[in-house]
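Student: What follows is a structure written as structure tokens; I'll ask about it next.
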Amino acid sequence: MSTELTPEIQAALAPEISGNTVYVLVGNPWRGDDGAATFIAGRLRNARADAFIIDAGNRPENCIERIISLNPAKTVFIDAADFGAQAGAVRLLAMHDVARDSISTHAFPLPVLARLIEEELGSATAMIGIQIHSACLGQGMHAAVVRAAERLIDYLNARLDAGL
Amino acid sequence: MPETVKINVEYLTRVEGHGNIVVDAQNGKLLQCLLEIVEAPRFFEGMLRGRSIFEAQHITSRICGICACAHTLVSVQAAEDALGITPTPQTIKLRELLLDMEILDSHILHIYLLAAPDLLGVGSFKSLIGTHHKTVRRALRMKKICNDVCDILVGRHVHPIACIAGGFTKLPAEKDLAAMQTLLKGLQSDMDATVDLALTLSFPEFERATEYVALVNDGPDYPLLSGDIGSSDGPRMDKHDYRRVTNEFTVPHSSAKFARFNRESYAVGALARLNLNFDKLKPAAKMTATALGFKPPVHNPYLNTVGQVIESVQCLDHATRIVEDFLEHGIDQAERVLVGLNEKGTLPVRAGNGVGAVEAPRGILFHNYETDAHGAIVKANCVIPTAQNVNNIEQDMAALVPVILHKSEAEITLALEMLVRAYDPCISCSAHFLKVYLQNQ
């Protein structure tokens, strides 16, 4: 299946022309495809002074002070997701489409984190989802998810290396 | 003045897991008042069967994403009890530190993220971000520090690696202790602000005479890690007799078992601990209690959140003292133990039956393992705090509803939701969460 990045996704991923861009990569590498973002984080080569990579693991809420301290003009969350597409599909997700936005002591949903950044800084946030095949414990990543992750790595490295 | 109401809260937000509140009152008479627990059982006890007792803590810590350390600690305590291992004083202190940080982490999240939206009158957590984003950031800062201390101590933010039966696989070096000290010092101003926030909050007035159950012991410290089982109704019981306390039973509307001891139900958690052990609090926590007007015995379940503020101060104070003490006297690195699955016979193994009893953030937690001569678990039982509280929550609801029947449906619903939230239930761990159904007849 195609993992081409649409112009919409490319625009969401592209570093801001003016101001800092923070990429927050979220996921648990112990849980199969949920480790896609961590896989990406470990392979990014960032040469830009105005772009920052944060491998947030499965505790993105613990990165909020770091994110805010960078005063980003744009914060891009990249996470594995299940939006009913074929494994490896990449989609720009609307925060209100992310199902789990109910807070608990056990989980701090990304839309809530995005809202906090927007309230605090008044800056933009975006969320890129990679369709999972499975997020079961102890599994490796599905080949289609790996290909999608590699496509995102290639795209981001081209922008982060060249400072385009 | 409805007097006749049928309440069905199908989705109670800001608790962990899934459950429903069902209330049916007609002509001022309460016909039905249920807290339905609709989560599927998780079968952790079944998963433990046949596994080595040396890996039990890694499995059971997955019962909960917020009480992972408490499950680990109670698991290794039960394992050591079964194997006949006595932990060293240093190990006990490090375990106390770990538990302090987890209780602090969990309480802060409940106070700020789950209870505060109701108490500040903003209705939802999303609204709280809009009106109090600095406050939310404070909560997350505090949470991160707790997680960071756990990371230093046991190798991960959650689901500890280094804490095992027999001790720790990794012991903090002096630089680790210094890092923890810096982190804990950094918490103090946010803790002060937390107490200041609590001073501004007002809680619903409601009391019901309740039996409270928590760990008690004869030591000088506020008991969280070990002790006997105490009850506000007496008597004190050895932890091995936990089944005589929990007396679990099933009801058709709940996938979590219910519990009862000397009365029709009992409560565990911050309120229970404070009602039984208030005198053992550190001075800073006692001063906080005084400032907040908390004077045990307290029988208002809504004040469990106040109890959590007091315990947060206690845990920070206690944790800081432990770290300072280790910095002063050092850590004996020779106590480091590497056991794995005990393939090399590092620890002696015997057939046994061990019980662990630890105060998790939401209340007393029991694990019981029966092992064969090779250290394989043949039988396991885990009794979770929320499962012990569900029956009591239902009894509270049944006592509260007749008192507030004159109020509007929205007010009744909110009062019930706040009541359940006050217990900080972890329904997903007890079996999982909450829906309330309310319809006027």
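The values are calculated or read from the model by the stated rules, or taken from the named source; none is laboratory data. This is a predicted model, so every value here is computed, not measured. All Cβ positions, glycine included, derive from the backbone under ideal geometry; neighbour counts span all protein chains shown.
Student: I need the full set of residues from region A:38-80 which are basic (Lys, Arg) and within 13 Å of chain B (Cβ to nearest Cβ), in order please.
Tutor: Across region A:38-80, the qualifying residues are A:Arg59, A:Arg66.
Student: Additional query: Just a yes or no: is a residue in region B:264-273 over 21 Å from B:Met142 (Cβ atoms), assigned to a helix (DSSP H, G or I) and not basic (Lys, Arg)?
Tutor: Yes.
Yes or no, residue by residue, for (1) surrounded by fewer than 24 Cβ atoms within 10 Å (Cβ to Cβ); (2) outside any helix (DSSP H, G or I); (3) modelled with pLDDT under 95; (4) within 14 Å of another protein chain (Cβ to nearest Cβ):
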position	(1), (2), (3), (4)
B:Cys382	yes, yes, yes, no
B:Val390	no, no, yes, no
B:Gln395	yes, no, no, no
B:Leu400	yes, no, no, no
B:Ala415	yes, no, yes, no
B:Val420	no, no, yes, yes
B:Cys429	no, no, yes, yes
B:Tyr437	yes, yes, yes, no
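Student: Which residues, taken from region A:63-82, are under 15 Å from the mean Cα position of the chain (by Cα) and either closer than 20 Å to A:Ala149 by Cα or among the charged types (D, E, K, R) (or both)?
Tutor: Within region A:63-82, A:Lys74, A:Thr75, A:Val76, A:Phe77, A:Ile78, A:Asp79, A:Ala80, A:Ala81, A:Asp82 qualify.
Student: So how many residues does region B:153-165 have that are surrounded by fewer than 22 Cβ atoms within 10 Å (Cβ to Cβ) and more than 14 Å from every other protein chain (Cβ to nearest Cβ)?
Tutor: 1
Student: Restricting to region B:47-96, name every residue that is under 19 Å from A:Trp30 (Cβ atoms), outside any helix (DSSP H, G or I) and away from every other protein chain (no Cβ under 14 Å).
Tutor: The answer is B:Arg51, and nothing else.
Student: How do the helices (runs of 4 or more DSSP H) wholly within region A:1-75 filter down when requiring 1 or more residues that are charged (D, E, K, R) and surrounded by fewer than 22 Cβ atoms within 10 Å (Cβ to Cβ): which remain?
Tutor: Of the helices (runs of 4 or more DSSP H) lying wholly inside region A:1-75, those with at least 1 residues that are charged (D, E, K, R) and surrounded by fewer than 22 Cβ atoms within 10 Å (Cβ to Cβ) span A:7-13, A:64-69.
Student: Of the conditions (1) more than 22 Å from B:Tyr112 (Cα to Cα); (2) surrounded by 23 or more Cβ atoms within 10 Å (Cβ to Cβ), B:Val337 satisfies every one except a single condition; which number is it?
Tutor: It is condition (2) that B:Val337 fails.
Student: State which residue is farthest from B:Ser189 (Cα to Cα) when the search covers only region B:117-126 and only residues that are more than 11 Å from every other protein chain (Cβ to nearest Cβ) and in a helix (DSSP H, G or I).
Tutor: Once the filter is applied, the top-ranked residue is B:Asp118.
Student: Do we have any residue at all in region B:206-221 that's modelled with pLDDT of 95 or more, in contact with a helix residue (DSSP H, G or I) (Cβ under 8 Å, 6 or more places away or on another chain), among the aromatic types (Phe, Trp, Tyr) and over 21 Å from B:Ser75 (Cα atoms)?
Tutor: yes
Student: List the pairs whose first member sits in region B:127-149 and is more than 7 Å from chain A (Cβ to nearest Cβ) and under 14 Å from B:Ser106 (Cβ atoms), whose second member is of a type outside the set (Lys, Arg) and surrounded by fewer than 18 Cβ atoms within 10 Å (Cβ to Cβ), and whose Cβ atoms are under 6 Å apart, counting only residues at least 6 apart or on separate chains?
Tutor: Pairs found: B:Met142/B:Asp190.
Student: So, B:Leu120, is that one over 19 Å from B:Val358 (Cα atoms), surrounded by 23 or more Cβ atoms within 10 Å (Cβ to Cβ) and not hydroxyl-bearing (Ser, Thr, Tyr) or not?
Tutor: Criteria not met by B:Leu120.
Student: Now for a different question. Restricting to region A:84-132, count the residues that are touching a Leu at 6+ places or on another chain (Cβ under 9 Å), more than 29 Å from A:Asp154 (Cβ to Cβ) and modelled with pLDDT under 80.
Tutor: Number satisfying all stated conditions: 7.
Student: Which one is surrounded by the fewest Cβ atoms within 10 Å (Cβ to Cβ), of the residues in region B:225-252 that are over 18 Å from the mean Cα position of the chain (by Cα) and hydrophobic (A, V, I, L, M, F, W, C)?
Tutor: Applying the filter and picking the extreme gives B:Phe249.
Student: Here are the criteria: (1) within 14 Å of chain A (Cβ to nearest Cβ); (2) surrounded by fewer than 24 Cβ atoms within 10 Å (Cβ to Cβ). Tell me which single one B:His110 does not satisfy.
Tutor: B:His110 satisfies all of (1) within 14 Å of chain A (Cβ to nearest Cβ); (2) surrounded by fewer than 24 Cβ atoms within 10 Å (Cβ to Cβ) except (2).
Student: On to the next question. On the basis of being within 13 Å of chain B (Cβ to nearest Cβ) and within 25 Å of B:Asp118 (Cβ to Cβ), does A:Glu118 make the cut?
Tutor: yes
Student: Determine if region B:31-49 includes at least one residue that is surrounded by fewer than 18 Cβ atoms within 10 Å (Cβ to Cβ), modelled with pLDDT of 80 or more, under 18 Å from B:Thr413 (Cα atoms) and not hydroxyl-bearing (Ser, Thr, Tyr).
Tutor: Checking region B:31-49: at least one residue is surrounded by fewer than 18 Cβ atoms within 10 Å (Cβ to Cβ), modelled with pLDDT of 80 or more, under 18 Å from B:Thr413 (Cα atoms) and not hydroxyl-bearing (Ser, Thr, Tyr).
Student: A further question on this structure: What number of residues within region B:150-207 are assigned to a loop (DSSP other than H, G, I, E, B), of a type in the set (Val, Ile, Thr) and within 21 Å of the chain's Cα centre (by Cα)?
Tutor: Residues meeting the conditions: 2.
Student: Here is a follow-up. Which members of region B:348-363 meet the condition of being buried (at least 20 other Cβ atoms within 10 Å of the Cβ) and under 28 Å from B:Pro223 (Cα atoms)?
Tutor: Scanning region B:348-363 gives B:Gly354, B:Val355, B:Gly356, B:Ala357, B:Val358, B:Glu359, B:Ala360, B:Pro361, B:Arg362, B:Gly363.
Student: Within region B:190-200, is even one residue crowded, with 17+ Cβ neighbours inside 10 Å, more than 14 Å from every other protein chain (Cβ to nearest Cβ) and touching an Asp or Glu at 6+ places or on another chain (Cβ under 6 Å)?
Tutor: No, that holds for no residue.
Student: Just the residues that are of a type outside the set (A, V, I, L, M), part of a helix (DSSP H, G or I) and farther than 19 Å from B:Leu224 by Cβ, please, taken from region B:297-320.
Tutor: B:Pro301, B:Tyr302 - these are the residues of region B:297-320 that are of a type outside the set (A, V, I, L, M), part of a helix (DSSP H, G or I) and farther than 19 Å from B:Leu224 by Cβ.
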